[in-house]
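Before any comments, here is the structure.
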Amino acid sequence: MLWRWILAPTDGALSAMLGRRIEWLTDPGLALPVVSAVVVWTNVGYVALFFVAGILAIPADLYAAARTDGATAWQRFRRITLPMLRPTMSFVLITGIVSAAQVFDTVYALTRGGPRGHTDLVAMRIYAEAFGSAAIGRAAVMAVVLFVVLVGVTVVQHLYFRRRISYDLT
C-alpha cells in the first residue's frame, strides 16, 4: 500500500517530488521497470544481510596476514574477500533467481498484471489461469513447468559455483 501511495500519479510522493504527474503504474513503458525497482528495493535488505554475514565470517587473520605481506586494499578484496564470499554470492544468486521467477504479491498489489499485461509475469499468469479463467489444469501444468525450469537453473548454477568455490588463497 505504501508503494501505491508513493507511485500514485496525482497525489503520490514521487510525482509530487518531481513536480509533474507521471503514470508510474499505468504507463505500459514504465510499469514493468517500476515494479522491478520496487521488488529490488524490497529485497535489498535480505541480500545485504547475507553479504554482511558472509563478510563477518571471514577470519580477520587473513586480512592481518595480507597487510603484513604488503597487500593493498584492492588485493585484499580481490584475493580474500571475493573468494571467501563466493558461497554467499552463489546462494544469493540462486535464491534471487528463484524468487524473481515467483514474484506475485508485488505485481498483484501494484498493477494486478496490467497495464495491458505488461507486468503479467509467470506467477501472475498462473494465478490468472487458475482463478480468472478457471483453467486449473493449465495453471497446474504451468506451475510444474516453472518448478522444473527453476530446479534446472538451480542445479546448473550450483554446479557452476561448486567448481569455482575455492579457498586456496595463494
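The values are calculated or read from the model by the stated rules, or taken from the named source; none is laboratory data. Source: prediction; values computed, not measured. Don't worry about glycine lacking a Cβ; one is built from the backbone with ideal geometry, like all the others, and counts go over all protein chains shown.
Things to note:
- For segment 101-133, the set of residues classified as part of a loop (DSSP other than H, G, I, E, B) and among the small types (G, A, S) consists of G113, G114, G117, S133, listed by residue number.
- Within segment 99-149, the set of residues being in contact (Cβ under 8 Å) with a residue 24 or more places away in the chain and on the phi > 0 side of the Ramachandran plot comprises just one member, R116.
- Extreme residue, surrounded by the fewest Cβ atoms within 10 Å (Cβ to Cβ), among residues of segment 92-126 that are under 13 Å from V34 (Cβ atoms) and small (G, A, S): A109
- Residue check, T68 at pLDDT 90 or above and of a type outside the set (K, R): yes
- The listed residue being in contact with an Asp or Glu (Cβ under 7 Å, 6 or more places away or on another chain) and modelled with pLDDT of 95 or more, out of A143, A139, A53: A139
- Among residues of segment 38-82, those that are among the polar types (S, T, N, Q) and either in contact with a Lys or Arg (Cβ under 6 Å, 6 or more places away or on another chain) or in contact (Cβ under 8 Å) with a residue 60 or more places away in the chain (or both), counted: 1
- Filtered by the rule that a residue be of a type in the set (A, V, I, L, M) and within 12 Å of the chain's Cα centre (by Cα), segment 69-104 gives V92, L93, I94, I97, V98, A100, A101, V103.
- Look at segment 1-25: where a residue is farther than 16 Å from T42 by Cβ and in contact (Cβ under 8 Å) with a residue 24 or more places away in the chain, no partner that is hydrophobic (A, V, I, L, M, F, W, C) and outside any helix (DSSP H, G or I) sits 6+ places away or on another chain with Cβ atoms under 8 Å.
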